[in-house]
Structures are given as structure tokens and as C-alpha cells.
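**Student:** Shown below is the structure under consideration.
The values are calculated or read from the model by the stated rules, or taken from the named source; none is laboratory data. The structure displayed is predicted, hence computed values, not measured ones. A quick note on method: Cβ atoms are made from the backbone with ideal geometry, for glycine too, and the neighbour counts reach across all protein chains shown. The protein model used for the area step is the full one, side chains on, heavy atoms only, and it has no ligands, DNA or RNA in it. Shrake-Rupley method; radii C 1.70, N 1.55, O 1.52, S 1.80 Å.
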Amino acid sequence: MGNREDLLAGARRCLEEKGYLRTTVRDIASASQVSMAAIGYHFGSREALLNLALFAAMDEWAAGSGRLAGQGATTAERYADTWDRKIRDFGDMRWLWMASVEAFVHAQSAPELLATLAENQRQARRMVAAQLRGVPEDAVAEEDVRALGSVHIALLSGVMVQALTDPEHAPTGRELAQGLRAMAELLES
């Protein structure tokens with residue numbers, strides 16, 4: 001690996017160990033065994049490097065978590081199983097979710113990061129809506145992106161906070177599916 005790759009790997013280790021807000025330039029340089037000046041040379045800033053490391057980790061997670069699980073099961077069963085995996089991931093990869101929340105908080109005073117997070121959220125809505133509908137992303141209807149994708153992303157954020165705050169009492173995938181069915185019934189009445 002070269003300095004750039006070493007710095008990305010070091011930044012990820014720092015995110016795992018210290019989080020987004022507490023990681024310093026010195027921490028990253030030490031973890032990657034590369035000079036502090038190399039961060040500016042390769043990435044421009046500590047924030048830019050941490051953002052790339054965080055977004056790469058989120059992309060890795062998203063690539064492995066998107067498909068509905070369980071062939072031969074009903075859609076509701078597959079949806080519940082998929083949520084159970086995501087909820088486990090919230091515990092197993094706590095560092096990733098804590099770092100993402102810290103980045104969100106920091107983004108409120110960092111317009112460039114806020115714009116990137118907003119764009120990523122728009123892309124996530126489309127990806128999720130396409131996965132749920134079982135169609136390619138370029139074939140998903142805008143109405144599904146705005147409605148289905150937005151509701152799922154809202155659920156993801158809310159369930160993540162519940163799982164990080166009180167993991168023993170966080171909802172299960174089946175409870176989420178049951179709650180969505182109950183909500184749909186309420187909306188129909």
C-alpha cells in the first residue's frame with residue numbers, strides 16, 4: 001500500500017476506536033504510520049480523509065445489507081429477516097453508526113459535508129426503493145423514491161438510534177413488519 005491507502009486504513013481504524021469527532025490528525029498519522037503532512041497532501045484535510053473513510057465503510061455495509069433475505073419465504077418474512085440482520089449490524093458495527101451520527105452532527109456546521117450527506121441520502125432512498133420493488137435503480141418510480149425510500153430511510157435511522165440507545169429493547173424485524181402492517185391498516189381506515 002502507498003501513503004494514501006495507508007492513511008485511509010488508518011482513518012478507518014481511528015473511526016472504529018475513537019469515533020469521528022475525537023479523531024485527530026496525530027491519531028490518523030500514528031495509526032497509518034505516515035506523516036501528518038501527508039494527510040494534507042493527499043486529502044486536503046483531516047475531515048476530508050475521515051469522510052472518505054466513513055463513506056467507504058458505509059458503502060461496504062450497504063453492499064452487503066441490501067437484499068431481502070430468505071428464498072422461498074413470504075415478502076414479509078424476508079423483510080423481517082433483513083431487518084433482523086440490520087439490527088444485528090447496529091450492535092456488531094456500533095462504531096460505524098456512532099461515527100455516522102457524529103458526522104451528521106458535525107455537518108450542521110460544515111456545509112460541504114452536509115451537502116454530501118444529503119446527496120448520499122437521496123441516493124439511498126432510490127437504492128432502497130429499487131431493492132424493495134425488485135427493480136433496477138433506474139427503473140424505480142420517483143413516487144417510490146420519495147415515499148417508499150423515504151419511509152425506509154426514516155425507519156433505518158430511528159431503529160438505529162433505538163438499537164444504539166437500548167439494544168435489549170430495540171424492535172425485532174418481525175415487530176417492525178407487524179408495526180408497518182398495523183400502520184397501513186390505520187391509514188386505510
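**Student:** I'm told L114 meets every condition in (1) more than 30 Å from S45 (Cβ to Cβ); (2) at pLDDT 95 or above; (3) not small (G, A, S) except one. Can you identify the failing condition by its number?
**Tutor:** (1)
**Student:** Collect the residues in segment 153-184 that are more than 16 Å from D92 (Cα to Cα) and touching a Lys or Arg at 6+ places or on another chain (Cβ under 9 Å), keeping them in residue-number order.
**Tutor:** Passing the criteria: I153, G173.
**Student:** Please specify each residue of segment 2-33 satisfying the condition of being among the β-branched types (V, I, T) and crowded, with 22+ Cβ neighbours inside 10 Å.
**Tutor:** T23, I28
**Student:** From H106, H152, H169, grab the single residue that is open to solvent by less than 80 Å² (accessible area, probe 1.4 Å) and out of contact with any helix residue (DSSP H, G or I) (no Cβ under 6 Å at 6 or more places or on another chain).
**Tutor:** Matching residue, one of H106, H152, H169: H106.
**Student:** So, in segment 121-151, exactly how many residues are part of a helix (DSSP H, G or I) and either touching an Asp or Glu at 6+ places or on another chain (Cβ under 7 Å) or not charged (D, E, K, R) (or both)?
**Tutor:** 18
**Student:** Could you check, for segment 99-110, whether at least one of its residues is under 19 Å from A63 (Cα atoms) and out of contact with any strand residue (DSSP E or B) (no Cβ under 7 Å at 6 or more places or on another chain)?
**Tutor:** Looking through segment 99-110, at least one residue is under 19 Å from A63 (Cα atoms) and out of contact with any strand residue (DSSP E or B) (no Cβ under 7 Å at 6 or more places or on another chain).
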